[in-house]
Structure formats: C-alpha cells, structure tokens
Amino acid sequence: MKRGKNSKVDEKALREAAKRALEQPRLALYSPLAACVLNYWKSVVPRYSISDELAKIVESELRRRWPALTAKARKVIERSKK
C-alpha cells in the first residue's frame, strides 16, 4: 500500500494491526527535543500527562495525513473491543 491519502486499505492487514494495537497500545520514539519540551510542561503543569499529550498530537496528525485510514481503523478497533 502506498502512503498516499487515497490508497486502498488492506482490510486483513488493518484487522491484524488493530489486534496488535489492542494487545500492546504503547509506542516509543526517540526525540530529545520532544522529551525536553514535554518534560518541561510536566515540571510546570500540575497533573500534566506526557502520554495523553502525545496521544492527542499523534492522533491529530494521523487524522490529518490519512483521514480515511484513521476512520476505518477507529471502526475496526471499536468492533474488536466487543
């Protein structure tokens, strides 16, 4: 599958990705800049959650880059939870 916005979604691969995502929803990244900025906010804002902030940022960008794939993924994940 190409990385473009209008690429056809491989439904089987999406179901497998959803299964893995529900089993292990954590992501890891290497970014000293992101770590610095987010740790700064954690130190100055009470109850600040780096995980919540990163989830909002990443999910927003995924919706912007791949809106159709993100919508399908959300549906597959919700069906898989049941």
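Only one residue of SER80, ALA34, SER51 has its Cα farthest out toward the positive end of the dipole of the chain, where Lys and Arg carry +1 and Asp and Glu -1 on Cβ, and that residue is SER80. Look at (1) 120; (2) 131; (3) 142: the one that is volume of the Cα convex hull per residue in Å³ derived from this structure is (1). With a threshold of 20 Å on the Cα-Cα distance, the over-threshold entries among LYS19/LYS82; LYS19/LYS81; LYS8/LYS81; LYS12/LYS82; LYS8/LYS75; LYS19/LYS75 are LYS8/LYS81. Tell me the angle of helix 67-81 to the major Cα principal axis of the chain, expressed in degrees between 0 and 90 and rounded to the nearest ten. The two axes meet at around 90 degrees. For the chain, the relative contact order is 46 percent, taking Cα pairs closer than 8 Å that sit 6 or more residues apart in sequence and dividing their mean separation by the residue count.
In the chain, the longest principal axis of the Cα atoms and the axis of helix 11-23 are about 30 degrees apart. Count Lys and Arg as plus one, Asp and Glu as minus one, and take only other residues whose Cβ is under 11 Å from that of SER49; the net charge is then +1. Counted by Cβ distance under 13 Å from SER60, the other residues give a net charge of 0, where Lys and Arg count +1 and Asp and Glu count -1.
Over the residues of the chain, the helix contribution to mean residue ellipticity at 222 nm works out to -22500 deg cm²/dmol, using -39500 (n - 2.57) for each DSSP H run of at least 4.
Read-outs throughout are calculated quantities, based only on the coordinates presented, and are distinct from any laboratory measurement. All values derive from a computational prediction rather than experimental measurement. As a convention, Cβ positions derive from the backbone with ideal geometry for all residues, glycine included, and neighbour counts pool all protein chains shown.
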